[in-house]
Amino acid sequence: MDETMRTTDLDHLLGLTASLANDFLAHNDDAEVSPALSLPELRDRFSTSLPESGCNSQEVIETIAREAEPGVLRTTSGRFFGWVIGGSHLAALAADWMVTAWDQNAALYSCGPAVSVIEEVAGEWVKQLLGLPREASVAFTSGAQMAHATALAAARNNLLHNRGWDAEYDRLAGSPQIRVLCSGEQHASIERACRLLGFGTASISALGTDDHGLLDTAALESRLSADPSRPSIVILQAGEINTGSFAPFREACRIAHDYGAWVHIDGAFGLWAGVSPHFRHLLDGATNADSWTTDAHKWLNVPFDNGVVVIRDRRAHRAAMSIRASYLVHSEDPADAAPDAARDQIDWNPEWSRRARGVPVYATIRALGRVGITEIVERTCRLARRLAGEIGDLPSAELLVDPVINQGLVRFRSQDGHHDARTEPVIDRLQSDGTAWFGGTDWQGKRVMRISVVNWQSTDDDISQAVGAVADALEHA
Ligand SMILES: *Cc1c(COP(=O)(O)O)cnc(C)c1O
């Protein structure tokens, strides 16, 4: 191919792509949050027959942008309050583009020297921001799901290693049976991580919660003391998905450690409360756990896919993930390795080839600083309370969970007492209206509408518009 031709093409293509992305994002304030196209319409647009011959890349990108946009759920909007999603901070978006341009395979230092070092620093920064132990190891995974899988693999390694069983070399069959103790309100990704690791769903027991919705520590103690020699993993929640509630970490960690259990904290979004002096008390004692999961793609507002796992026992982490069999790891235990040795991410991550997803994390932290991240966390928490409170004040609306941090629950009451049958159509109406987006979920046997504010762009004006949209939906649904 002609060289000048290539350069011009690249210039045009990247300029065009930047302007398409800019056009899309520039409408975050005024465009509808809900997608306009249905499933059959989307299939109709995209399912052409397999192209036999190619065409110009510019034309491809223009067509995809044009055709896809009406089918994009605008989670980047400040009025998107569904699930726990978050937007993309500008520095994160730009850094993510650079990661694509560099196309490093961030598996080994030798394949991507600069990104290996950037990820190393990003990991240190995340630990500092969240108040986690400096000596802990870190990996950037695809999300909290694989962060759990990584942490629980380390837990499995550690618990069985302490009982003379090498989980990575011997098979699990015949090993001491690990049990997993949870509140019962854990995220479903915990269950899947357990399944992937061969624990099986049957090894998970729910301890239940006390009157305040917190993990029942008396139940934890009695379960552990009834079978004290069994290897156990205790899962604690930092930010429950419906209520944003936090486990009693200090007490739960003390009990669990008395019995030699491994404590894992799912703080996919909730661990970020630790950046705020106002909310930090909710995480009291969380630093005593053995492993922690969080997401950068939620509250830090980094694009998908971006999870983080932090593990206190570097040996267990490395032994569970290193591609060298664990029986060889002892000869090159990271504790023995030179402290200035380069970081090969493959030794800490479940993936082999991988994207340098720690780079957008580094860029976002650098762009916002601790102060900017704290401002996002505190603002979104304040907005969540305002949103939940004002929706709760609307006629027939009921505030069920006033946000502890950024998550809350409301529902809509019906005169005939069938509140579920009223709540669902109001949510549908809101979604089809498109001014703001909320999702429905089941909570304590009730159909409810969940409120999550995690987008760095959400403002008071977004909240006012959203409350107006809910009032309107209540009138017309
Ligand atoms: C989102 C979430 C998960 C799953 O995280 P992914 O990044 O989607 O894998 C797990 N736990 C909690 C509490 C969550 O909010």
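Just a few scattered comments:
- Picking from residues in the stretch 207-239 that are of a type outside the set (A, V, I, L, M) and not in a loop (DSSP other than H, G, I, E, B), the one that is farthest from I178 (Cα to Cα) is T209.
- Contact annotation: residue pairs with Cβ atoms under 6 Å, 6 or more positions apart or on different chains, pairing a residue in the stretch 439-452 that is of a type in the set (F, W, Y) with a partner that is buried (at least 19 other Cβ atoms within 10 Å of the Cβ) and at pLDDT below 95, are W443/N242.
- Considered as a group, the residues in the stretch 341-357 that are over 19 Å from P303 (Cα atoms) and of a type in the set (A, V, I, L, M) include one that is modelled with the lowest pLDDT, and that residue is A341.
- Scanning the stretch 275-294 for residues that are of a type outside the set (S, T, Y) and buried (at least 19 other Cβ atoms within 10 Å of the Cβ) yields a count of 8.
- Flag if E185 is within 16 Å of the ligand (Cβ to nearest atom), at pLDDT below 90 and in a loop (DSSP other than H, G, I, E, B): yes
- Condition met for D44 (open to solvent by 80 Å² or more (accessible area, probe 1.4 Å) and either at pLDDT 95 or above or among the acidic types (D, E) (or both)): yes
- Qualifying residue in the stretch 222-236 (condition: within 23 Å of the chain's Cα centre (by Cα) and open to solvent by 40 Å² or more (accessible area, probe 1.4 Å)): no
- The listed residue being more than 16 Å from L271 (Cα to Cα) and touching a strand residue (DSSP E or B) at 6+ places or on another chain (Cβ under 6 Å), out of S88, S137, S110, S116: S137
- Among the numbered conditions (1) assigned to a helix (DSSP H, G or I); (2) in contact with a strand residue (DSSP E or B) (Cβ under 7 Å, 6 or more places away or on another chain); (3) surrounded by 18 or more Cβ atoms within 10 Å (Cβ to Cβ), the only one that D420 does not meet is (3).
- Checked against (1) part of a loop (DSSP other than H, G, I, E, B); (2) surrounded by 24 or more Cβ atoms within 10 Å (Cβ to Cβ), V309 passes all but a single condition, namely (1).
- When the stretch 189-204 is filtered for residues that are at pLDDT 95 or above and open to solvent by 30 Å² or more (accessible area, probe 1.4 Å), the ones remaining, listed by number, are E191, R192, R195, L196, I204.
- Whichever residue in the stretch 349-391 is touching a residue at least 24 places away in the same chain (Cβ under 8 Å) and of a type in the set (G, A, S) and, among such residues, is most open to solvent (accessible area, probe 1.4 Å): S353
- Extreme residue, farthest from the chain's Cα centre (by Cα), among residues of the stretch 237-256 that are of a type in the set (A, V, I, L, M, F, W, C) and more than 20 Å from T441 (Cβ to Cβ): I255
- Meets criteria (at negative phi and either modelled with pLDDT under 90 or more than 15 Å from the ligand (Cβ to nearest atom) (or both)) for D305: no
- Residues (assigned to a loop (DSSP other than H, G, I, E, B), crowded, with 23+ Cβ neighbours inside 10 Å, at pLDDT 95 or above and in contact with a helix residue (DSSP H, G or I) (Cβ under 8 Å, 6 or more places away or on another chain)) located in the stretch 240-274: A261, G267, A268
- Count of residues meeting criterion [within 12 Å of the ligand (Cβ to nearest atom) and either touching a Cys at 6+ places or on another chain (Cβ under 9 Å) or more than 11 Å from P350 (Cα to Cα) (or both)] in the stretch 130-148: 4
- Residue count, the stretch 386-417 (criterion: among the charged types (D, E, K, R) and part of a helix (DSSP H, G or I)): 2
- Residue within the stretch 207-218 that is free of Cβ contacts under 8 Å to residues at least 40 places away in the same chain and among the polar types (S, T, N, Q) present: yes
- Test result for E3, modelled with pLDDT of 95 or more and charged (D, E, K, R): no
- Selection count, the stretch 393-415, where residues are over 16 Å from I241 (Cα atoms), free of Cβ contacts under 8 Å to residues at least 60 places away in the same chain and surrounded by fewer than 16 Cβ atoms within 10 Å (Cβ to Cβ): 4
- Flag if P425 is more than 28 Å from L283 (Cα to Cα), part of a loop (DSSP other than H, G, I, E, B) and open to solvent by 20 Å² or more (accessible area, probe 1.4 Å): no
- Condition check for H297: at pLDDT 95 or above, touching a Ser or Thr at 6+ places or on another chain (Cβ under 9 Å), open to solvent by less than 40 Å² (accessible area, probe 1.4 Å) and away from the ligand (no atom under 16 Å from the Cβ): no
- Among the residues of the stretch 313-320, not a single one is at pLDDT 95 or above, in the same structural domain as N158 (by TED's automatic domain parsing), within 20 Å of the chain's Cα centre (by Cα) and open to solvent by 10 Å² or more (accessible area, probe 1.4 Å).
The values are calculated or read from the model by the stated rules, or taken from the named source; none is laboratory data. What you see is a predicted model, and the numbers here were worked out from it, not measured in a lab. A quick note on method: Cβ atoms are made from the backbone with ideal geometry, for glycine too, and the neighbour counts reach across all protein chains shown. We work out accessible area using only protein heavy atoms, side chains counted, and drop any ligands, DNA or RNA first. Shrake-Rupley method; radii C 1.70, N 1.55, O 1.52, S 1.80 Å.
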